[in-house]
Amino acid sequence: MHMEKRILVSGGSGFLGSHLCERLVAQGNDVLCVDNYFTGRKRNIAHLIGKPNFEAMRHDITFPLYVEVDEIYNMACPASPRHYQHDPVQTTKTSVVGAINLLGLAKRTGAKILQASTSEIYGDPDIHPQTEDYWGNVNTIGPRACYDEGKRCAETLFSDYHRQHDLRVKIVRIFNTYGPRMLPDDGRVVSNFIVQALNEKPITVYGEGKQTRSFCYVDDMVDALMAVMATPDDVTGPVNAGNPEEVEIGELARRITDKVGAAASIEYQESPVDDPRRRCPDISLINKLTGWSPKVPLSLGLDRTISYFRDEAAPGASLHSL
Ligand code: NAD
Ligand code: UDP
Ligand code: UDP
C-alpha cells in the first residue's frame, strides 16, 4: 500500500518542479510547493490549487523555513544561462544558502532530501560520456560559475550533512531536460528553436552548431527523480539522470525546423563563453540502482513540446502571463 507523505518541493512552480508536484499530488501525497516565482509561474501549478493535498507558498529558500515534512526535493534555482546570469550572486546564494537552510530543515525533521544537481558540475568535460566518478572541468571565475560552483558546493553540503549529521540525502545530476512549460523566452536551446521556427524567425545556432547535448523528456526525468528518492538510505549518489541520445545543436535545429515545417533559415551567432562542447550522460549507475532508463525518444518529445508551444502561441494565449 502506498503511504501518503508530506513532501516539500522547492522550486515547485518551475518547469521541472511543477511536473514533479503534479505527479506527487496524483500519488496522494501532501505536497507543499515553495517558490519565489523568479522563473516559476503560478499558471504552472494553477491546476493543482484547490486540491486538498496541495499547497503553494511564496518563499525564497535563502531565508530559513520552518515546516514539518517527510521528504524534500530541492529544485529551486534558475536553470537557464540567461536567468542564472541575471543576478549571479543570488544564483550562488540560492544553491549554497538555500541548500544549508533545507538541509537544516531536514536535520531538524529527519526528512529525506534530494538535491537537483546538474551535468554542469562537469563543466566542459574531458571524458565522454560523463560518469559520476569524473570530477569535472569548471572555470571557477567565468560567467557560468555562479551556477556550476553553486551546484558543486551544494553537492559538498549534501555529502557533509550526510557524513556529519547522518542525513538521508540523494544527489541527482540532471542532464538537459525539455518539455511543456519551459519558458518561451528563457534562452534554452529547445524552447528557442521551437519558438523561432513557429514564428518563422531565423534559428539562432551559436558557434558552428557542432557542440552536442543529450536531451531528456520531462516525464522521464520526473520518473528518475522519484526513483532515486525511493532508493535505500545507503544510496546517496551522485547519480546521473538524462537521455544518452547525443545530438549536435546544428542537427537539433534541422530536426525542429523539419517538424515545424517552417522554411526557417539558420543564423550563426557567436558561441557563449565557456560553452561546453560535448555532453552525454553515462546512465549505467541509475539503471543499476533503480532500473530506470528514459522511455521517450527525442523525436516524440519534440513533437509534444512543439504542440505545447503551438497552443501557447495560439491567438488569445499570452506567452508571458503569470
Ligand atoms: P526553472 O527555472 O523552471 O525552475 C526553478 C524554480 O526555482 C523556479 O520556479 C524559480 O522561481 C524557483 N526559484 C529560484 N530561486 C529560488 C529561491 N531562491 N527560492 C525559491 N524558489 C526559487 O528550472 P527547471 O528547469 O525546472 O530546473 C529545476 C531544477 O533542476 C534546478 O535546480 C536546476 O538547476 C535543475 N536542473 C535542470 C535542468 C534542465 O535541463 N531543466 C538540468 C540540470 C539541472
Ligand atoms: N533551518 C531552517 N529550518 C529548520 C531548521 C534550520 O531553515 O527547520 C536553517 C537555519 O536557519 C540554519 C540552517 O538551516 O541556519 C542550518 O541548520 P543547522 O541545524 O545545520 O545549523 P545551525 O542552526 O546549527 O546553524
Ligand atoms: N544554443 C544555441 N542557440 C540558442 C540557444 C542555445 O545554439 O538559441 C546552444 C548553446 O550554445 C549550447 C546548447 O545550445 O551549446 C545548449 O544550450 P542551453 O542554454 O539550452 O543549455 P546548456 O548550455 O546549459 O546545456
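Values for this structure:
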| quantity | calculated |
| --- | --- |
| For q = 0.16, 0.18, 0.19, 0.23 Å⁻¹, Debye-computed log10 I/I(0) when each Cα of the range 167-238 counts as one equal scatterer | -0.71, -0.81, -0.85, -1.05 |
| Length-normalised contact order of the range 178-233 in % [C-alpha pairs under 8 Å, at least 6 apart] | 32 |
| Added length on full extension, which subtracts the Cα-Cα distance from 0.36 nm per residue, residue 186 to residue 49 | 46.8 nm |
| Mean separation of Cα contacts under 8 Å (6+ apart) over length of the chain, as relative contact order % | 17 |
| Mean separation of Cα contacts under 8 Å (6+ apart) over length of the range 24-83, as relative contact order % | 38 |
| Net charge of Cβ neighbours under 12 Å - reference residue 72; Lys, Arg +1; Asp, Glu -1 | +4 |
| Counted charge near residue 140, where neighbours are those whose Cβ lies closer than 14 Å (Asp, Glu -1; Lys, Arg +1) | -2 |
| Using θ = phi - 60° and Karplus 6.51 cos²θ - 1.76 cosθ + 1.60, couplings along the range 170-180 (whole Hz; Gly, Pro as x) | 9, 10, 10, 8, 7, 9, 2, 10, 9, x, x |
| Nitroxide proxy distance, nm - points 7 Å out along Cα→Cβ at residue 42 and residue 89 | 3.0 |
| Under 5 Å, built H, 5+ apart or other chain: amide partners of residue 30 | 5, 6, 7 |
| FRET efficiency, 1/(1 + (r/R0)^6) with R0 51 Å, evaluated for residue 165 and residue 269 via beta carbons | 0.60 |
| Under-5 Å amide H pairs with residue 172, H placed in peptide plane, nonlocal only | 115, 117, 239 |
| Sites excluded, trypsin sites (Lys or Arg not before Pro) in DSSP loops with at most 14 other C-beta within 10 Å, longest stretch of the chain | 1-209 |
| Anchor residue 112: lysines whose Cα lies under 23 Å away (excluding residues fewer than 8 positions away in-chain) | 5, 93, 151, 170, 288 |
| Inter-centroid distance (Cα atoms) of the range 63-136 relative to the range 228-287, Å | 19 |
| Pairwise Cα inverse-distance average, inverted: Kirkwood Rh of the chain (Å) | 19.9 |
| Stretchable slack from residue 310 to residue 133, in nm (0.36 nm times residue separation minus alpha-carbon distance) | 59.6 nm |
| Cα extents of the range 241-293 along the three principal axes, largest first (Å) | 44, 31, 10 |
| Length added when fully stretched, residue 156-residue 247, from 0.36 nm per residue minus Cα-Cα | 29.7 nm |
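Throughout, read-outs are computed from the coordinates displayed, never taken from laboratory work. Owing to the predicted nature of the structure, the values given are computational and were not obtained by experimental measurement. In this analysis, Cβ positions are derived from the backbone assuming ideal geometry, glycine residues included, and neighbour counts consider all displayed protein chains.
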